[in-house]
Amino acid sequence: MSTSTSTPAARTVTIPTGMGITFSEFGTNSDGTAVLLLRGGAGPRTMLGLAGALAEHAYGIVPTHPGFDGTPRPDRFDTVADLADAYLDLLDELDLTGVMVIGSSLGGWIGAEMALRDNRGRLGALVLVNAVGIKAAGDEQVVDVRTMAPPQLSQLSFANAEFRPDFASFTDEQKAVAAANQQTMAVYTGQEYMHDSKLRRRLHRITIPALVIWGEQDGIAPLGYGRDFAAALGNGHFAPIADAGHFPQIEQIGATLGALGEFVDTVVKPDEA
């Protein structure tokens, strides 16, 4: 499978609220193969390789969250719930069903909120990749990175140094975009840093098949936090990924694809395996 991180041409669809959602498409749209890939705050490259790898068998949609990468964010559009509603509206506009939502970091939080709000049965499965959004039952919580310099944040994010961005090589424009994205993420995540204190106790209502994939060396959202996330789901499964940090879909894409494939074959579509 290809793991290219090149970005196909983007298009924008207007949802009923009047807001435009811009997204890139991978693969061919056919019944029951749609995958919505939701990024966190680290940029589109965190999901493009996975989308490219899945394109042989799935129709991948990788949206840009409103307010990220220079896109407009409407007034009063400022919560994770707003993002979840917008992406459900997008699935309605595209008339997609049986959609697998794969969310990384903040994208996992959005995906969980989508599953809780999906009253039209658009979603078929949920995959959370080192997701944030809950206040875990135990002591292991998401690390507050708001005051960290980019190199320190990168060290916590990646287990393998070769995957860490070289911030010294960033252009002024790239630095400005990254800073603006972090400001936008702060708007969406609110005063309760990187979590909704009520989310965990609602997760049991998510009964579609759900897989929690977790890089074992994540320095931002530790392994115990991931196990707690999976345990709270109504139909949750857990797949730890060795030698990976906050982005196992980048550091260990083969193992990540393997976990996804096993999940689909044994839980989501066992009759088709």
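The values are calculated or read from the model by the stated rules, or taken from the named source; none is laboratory data. As the structure is a prediction and not an experimental result, all values here were calculated from the model. FYI the Cβ positions are ideal-geometry reconstructions off the backbone, even for glycines, and counts take in every protein chain you see.
Restricting attention to region 229-264, and to residues there that are within 14 Å of residue 211 (Cα to Cα) and among the β-branched types (Val, Ile, Thr), which single residue is nearest to the chain's Cα centre (by Cα)?
My answer is 256.
Quick one: in region 105-136, of everything that is part of a strand (DSSP E or B) and not hydrophobic (A, V, I, L, M, F, W, C), which residue is nearest to residue 43 (Cα to Cα)?
133
When region 247-273 is examined, which residues are found to be free of Cβ contacts under 8 Å to residues at least 40 places away in the same chain, crowded, with 19+ Cβ neighbours inside 10 Å and outside any loop (DSSP other than H, G, I, E, B)?
Across region 247-273, the qualifying residue is only 255.
Working carefully through the options 221, 186, 176, 168, find the one that is buried (at least 18 other Cβ atoms within 10 Å of the Cβ) and either free of Cβ contacts under 8 Å to residues at least 60 places away in the same chain or not in a helix (DSSP H, G or I) (or both).
One residue alone meets the criteria, 221.
Looking at (1) over 19 Å from residue 111 (Cβ atoms); (2) hydroxyl-bearing (Ser, Thr, Tyr); (3) modelled with pLDDT of 95 or more, which is the one condition that is false for residue 7?
That leaves (3) as the condition not met.
Report, by residue number, each residue of region 38-54 that is within 13 Å of residue 253 (Cβ to Cβ) and either assigned to a loop (DSSP other than H, G, I, E, B) or touching a strand residue (DSSP E or B) at 6+ places or on another chain (Cβ under 8 Å) (or both).
Result: 46, 47, 48, 50, 51, 52, 54.
Filter region 206-218 down to the residues that are aliphatic (A, V, I, L, M) and in a strand (DSSP E or B) and list them by number.
The answer is 210, 211, 212, 213.
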